[in-house]
Amino acid sequence: GGQLFVVTRDGQNGYKASTTDEGVEKSVVFHILKLKERYLLDVRDDLGDPALPAHVYFGLTLQKDVLKLSEMDTPWLKEQVAGRKELRSEELTEADVKGKIVITSPQADLRKYFLPLAADGRSFANESELRRVK
């Protein structure tokens, strides 16, 4: 078996996914963004610092009871981000997230400069499937 997530509404247009990992409940809050080309899952991760929320994006496709998520994290995408001076980003160095890029730009800049990169399939990798439990 895999991990079981319980998804509930959170506020007007948000959701919360909770799971129990070794007896400890963990949860993330996310929104679904509808772009012209695809849906994006915008997961807010406080990384232990609510003052500096990080956003992690996934490509999203839904077919009946199967949800497919693709990480928005590829070498091509990192190059694009590094090459855009409008986007502030930093590379994480902690062992379990080493090499991950966190974009620390304000939300308005994210929408303007980062989200258009979601139109390009080269931004996505590592597809995983989540299945609805009946």
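I need the full set of residues from region 1-54 which are acidic (D, E) and modelled with pLDDT of 90 or more, in order please. Write out each step before concluding.
First, the residues of region 1-54 that are acidic (D, E): 10, 21-22, 25, 37, 42, 45-46, 49.
Of everything in region 1-54, just one residue is acidic (D, E) and modelled with pLDDT of 90 or more, namely D10.
Only a single item in (1) touching a residue at least 40 places away in the same chain (Cβ under 8 Å); (2) open to solvent by less than 60 Å² (accessible area, probe 1.4 Å); (3) among the aromatic types (F, W, Y) is not met by F30, and it is number (1). Listed by first and then second residue, the pairs with beta-carbon distance under 9 Å, at least 6 apart or on different chains, first residue in region 85-105 and in contact (Cβ under 8 Å) with a residue 40 or more places away in the chain and closer than 22 Å to L115 by Cβ, second open to solvent by less than 50 Å² (accessible area, probe 1.4 Å) and in a loop (DSSP other than H, G, I, E, B), are V102/L92; I103/L87; T104/L87. Of V56, V66, V43, all but one fail to be more than 19 Å from N13 (Cα to Cα) and β-branched (V, I, T); the exception is V66.
Residue count for region 102-112, restricted to those that are more than 10 Å from L87 (Cα to Cα) and surrounded by 16 or more Cβ atoms within 10 Å (Cβ to Cβ): 1.
The values are calculated or read from the model by the stated rules, or taken from the named source; none is laboratory data. Only a predicted model underlies this, so the values are computations on that prediction, with no experimental measurement involved. Cβ atoms come from the backbone with ideal geometry, glycine included; neighbour counts cover every protein chain shown. Please note that ligands, DNA and RNA were not included when accessible areas were found on the heavy atoms of the full protein model with its side chains. Shrake-Rupley method; radii C 1.70, N 1.55, O 1.52, S 1.80 Å.
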